[in-house]
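Please read the structure below before turning to the comments.
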Amino acid sequence: MLSSSVIIGVITFLIAFGSFFITPRDVKWFSHLSRPQWLVFEPLIPFIWTAIFICGAISANIVWQHNPGSLVTWFLMGLYLFVEVITIAYIPLMLRLRSLKVGETLGLVGLISAIVLALVVLPISLLATVLLVPYLVWSPIGTLTTDELKQLNPEDA
């Protein structure tokens, strides 16, 4: 039987892999948007999100190990899954719909969901909660960046 860490890792990877289904036309639209001058870290964003997803998967495994298979634990796994799916949907949906507002909305939904997740996980494991902090720090940066893109590109908001 596969360990929970392998199963959680594979699910995390498969969902993240889904973000690669972006057409070149969609990427071209995004690449032509005006960007804020301070956005010098853009090439690092995929690596940052990879680290955040690894932290999230480790956090989920810690929670699973605390009470494997219980109804509460399954609910929490669903919440972890929801946060990742919303986060991964951000880029494909924003690009496909060519709407920065969609990206900003998904970013806010992801952040609110992650805050709820962190608060619910806190009584179970401090370490699992700490592993969610990178998401809680980075997600608002992404959402604020999208808002700045909306200001610079009002026709694409």
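The values are calculated or read from the model by the stated rules, or taken from the named source; none is laboratory data. It should be emphasised that the depicted structure is a prediction, and the values quoted were computed from it without experimental measurement. Cβ placement follows ideal geometry from the backbone for every residue including glycine, while neighbour counts extend to all protein chains displayed. The area values use the complete protein model at the heavy-atom level, side chains included, leaving out ligands, DNA and RNA. Shrake-Rupley method; radii C 1.70, N 1.55, O 1.52, S 1.80 Å.
Assess whether LEU93 counts as being part of a loop (DSSP other than H, G, I, E, B) and either touching a Lys or Arg at 6+ places or on another chain (Cβ under 8 Å) or over 19 Å from LEU131 (Cβ atoms) (or both).
So LEU93 fails the test.
Quick check on my filter: what residues within the stretch 2-26 are modelled with pLDDT under 85, open to solvent by 70 Å² or more (accessible area, probe 1.4 Å) and of a type in the set (A, V, I, L, M, F, W, C)?
Within the stretch 2-26, LEU2, PHE17, PHE20, PHE21 qualify.
Within the bounds of the stretch 70-78, is there any residue that is assigned to a loop (DSSP other than H, G, I, E, B) and touching a Ser or Thr at 6+ places or on another chain (Cβ under 6 Å)?
Looking for residues that are assigned to a loop (DSSP other than H, G, I, E, B) and touching a Ser or Thr at 6+ places or on another chain (Cβ under 6 Å), one finds none in the stretch 70-78, hence no.
Based on this model, can you work out whether TYR135 counts as open to solvent by less than 70 Å² (accessible area, probe 1.4 Å) and either closer than 27 Å to ASP156 by Cα or of a type outside the set (Phe, Trp, Tyr) (or both)?
Yes.
Can you give me the number of residues within the stretch 85-104 that are out of contact with any Ser or Thr (no Cβ under 9 Å at 6 or more places or on another chain) and of a type in the set (Val, Ile, Thr)?
Qualifying residue count for the region: 2.
Among the residues of the stretch 105-124, count how many are open to solvent by 20 Å² or more (accessible area, probe 1.4 Å) and more than 11 Å from the chain's Cα centre (by Cα).
Selection size over the stretch 105-124: 9.
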